[in-house]
Structure formats: C-alpha cells, structure tokens
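Peer 1: This structure is in structure tokens; I'll ask about it shortly.
The values are calculated or read from the model by the stated rules, or taken from the named source; none is laboratory data. These figures come from a predicted structure and were not determined experimentally. Methodologically, a virtual Cβ is constructed for each residue, glycine included, from the backbone with ideal geometry; neighbour enumeration extends over all protein chains shown.
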Amino acid sequence: MDLADLSGKVAVVTGASRGIGEGIALELAKHGANVVVSDILPADSVIKKIRAMKRNAFYVKADVSNEGDVKNLINQTIRKFRKIDILVNNAGIYPFSPTIATTEEQWERVIHIDLKGTFLCSREALKHMKSGSSIVNISSIASDVGYSELAAYCAAKGGVKALTKSLAVEFANKGIRVNSIHPGAVDTHQIASLKDKKLMKYTLSKIPLGRIGKPADIANAVVFLASDAASYITGEELVVDGGWIASS
C-alpha cells in the first residue's frame, strides 16, 4: 500500500504559478491529486504539466489577501470538484527593508499576504473540509531565526506557525489535520538575486548539507504531510532547511 497515494484527492495550492508553489502542485499531481492552481500570475505552463499527467487541473486567479478573491477560489473549487481534501497555503512575499525605513503600507502588505492570506484561505476551505482532510501551511525558518531587514516577514511567518497550532487543535475533533513546513533557503526566482553575491556565500555557509534547497525538497514534505503516512501528525512543524537551525 502506497501511503502517499493521493488518487482522487482535490488539492488547492496558492502561489502556484512558479517556484515552490509550482513544485508542490506538480508533486501532488504526480501522486494522484487533482489540483487547483491559484496565483495572481498566469499559470498556463503549470496547468499544462499537470494535465499531461492525466490529472484534472484548473487555474483561479486570486490575491490571497483579498477576501472576495479567496471566497471565489474556494467556491470555484467546490463547483468543479464538490470537495477539498488538501489546502496548501504557499503564497507569500519577503521584500527586504530596513526596519526604520519600512512604511506602514509595506508592513501591511507582507502581513496581509503571508499571514492574513493563510487565515482567509484556511477559514474558507475549512467550511468544506471533512475528516481526513489536511492543511499544510508554508511558514519559514524565519519564524524561529531572526533575519536582518525582514521584520515583517519574520513576524508574519511566526504568525503562520502559531495559527497552524491553533487550527490543529480546533479542528482535530473533526479529523482535519493542520501542519506547517518551515523551509530554509530554496532556489527560486526570489533567491536568484543572491547569486554571485556575498549574501549567497553567507547563506551557503549556514547550511550543513552545503546546498540551497530545491522546490522538490519542499514539495516532497508537503506530499508526506498531506498523505495517510502522516495521519497521526497535526499541529507540527516540519523544518526543511538542510540543517540551518540545527547548526545555529
């Protein structure tokens, strides 16, 4: 029996047009899930790749910080598939900004997308989720490690960590599991700007395994937590960072 078999499951993945989100959507599909791909950016290539695996997939444009967009995302999913088995709250941003120069608008944008978005998507999906369903929130090791000029991001991801535990306790009696994944540095478009710079050298020096993570590293962890292999795990944090926190 393949405990990671997600055949017939319906998954919603936010921030899934590229990077970690794309990797998660593709890995869920590879294990049998039908996937609703959501982002503010087009995701034609992701949809094409999923359909090539003979899975159902469709795209819903959504700004996760906008309540109306989130309700539309979940409502379209229910109209199409009649259920939601897996929600992956991946959408997020992490703009660097010196704290004393960070405006209220900049602060609120990060909090609204990274934290409020996770809450809104979870709230709407939970209205339709049944026993055996799973929410996986993508937090960050920034919820445990302080990073200079990332005050809003660290605060938001710390909030995601706490929100995960609260939801896990509240919905455990309904058989719904809620866990968080805490990536370290992952090779995406957002980290590409670090290449060939001192910051990249510093980043690598913090990782005992000696490499930047790949979207697949995070995606594999999502599949585990979403699957029956993790049926007795809820309210937990799965750190996927190449050993960064362990060496701190």
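Peer 1: Looking for something among the basic types (Lys, Arg) and surrounded by fewer than 16 Cβ atoms within 10 Å (Cβ to Cβ) - is there at least one such residue anywhere in the range 29-37?
Peer 2: First, pick out the residues of the range 29-37 that are among the basic types (Lys, Arg): 30.
Now narrow it down to the ones that are surrounded by fewer than 16 Cβ atoms within 10 Å (Cβ to Cβ): none.
No, because not a single residue in the range 29-37 is among the basic types (Lys, Arg) and surrounded by fewer than 16 Cβ atoms within 10 Å (Cβ to Cβ).
Peer 1: Could you check the range 127-158 and list, in sequence order, the residues that are in contact with an Asp or Glu (Cβ under 6 Å, 6 or more places away or on another chain) and crowded, with 23+ Cβ neighbours inside 10 Å?
Peer 2: The initial filter retains those residues of the range 127-158 that are in contact with an Asp or Glu (Cβ under 6 Å, 6 or more places away or on another chain), namely 133, 141, 156.
Ser133, Ala156, listed by residue number.
Peer 1: Ok, one more. Run Lys127 past the list (1) in contact with a strand residue (DSSP E or B) (Cβ under 9 Å, 6 or more places away or on another chain); (2) closer than 17 Å to Asp85 by Cβ and report the number of the one that doesn't hold.
Peer 2: Exception for Lys127: condition (1).
Peer 1: So if I check each of Glu124, Glu108, which one is in a helix (DSSP H, G or I), within 16 Å of Ile78 (Cα to Cα) and at pLDDT 95 or above? Write out each step before concluding.
Peer 2: Values: Glu108 fails: within 16 Å of Ile78 (Cα to Cα).
Exactly one of Glu124, Glu108 is in a helix (DSSP H, G or I), within 16 Å of Ile78 (Cα to Cα) and at pLDDT 95 or above, namely Glu124.
Peer 1: Just to be sure I understand, how many residues within the range 215-248 are modelled with pLDDT of 95 or more and of a type in the set (S, T, N, Q)?
Peer 2: Residues that pass the stated criteria total 4.
Peer 1: Another one. Can you tell me how many residues in the range 39-65 are surrounded by fewer than 17 Cβ atoms within 10 Å (Cβ to Cβ), of a type in the set (S, T, N, Q) and farther than 14 Å from Leu28 by Cα?
Peer 2: Summing the residues that are surrounded by fewer than 17 Cβ atoms within 10 Å (Cβ to Cβ), of a type in the set (S, T, N, Q) and farther than 14 Å from Leu28 by Cα in the range 39-65 gives 1.
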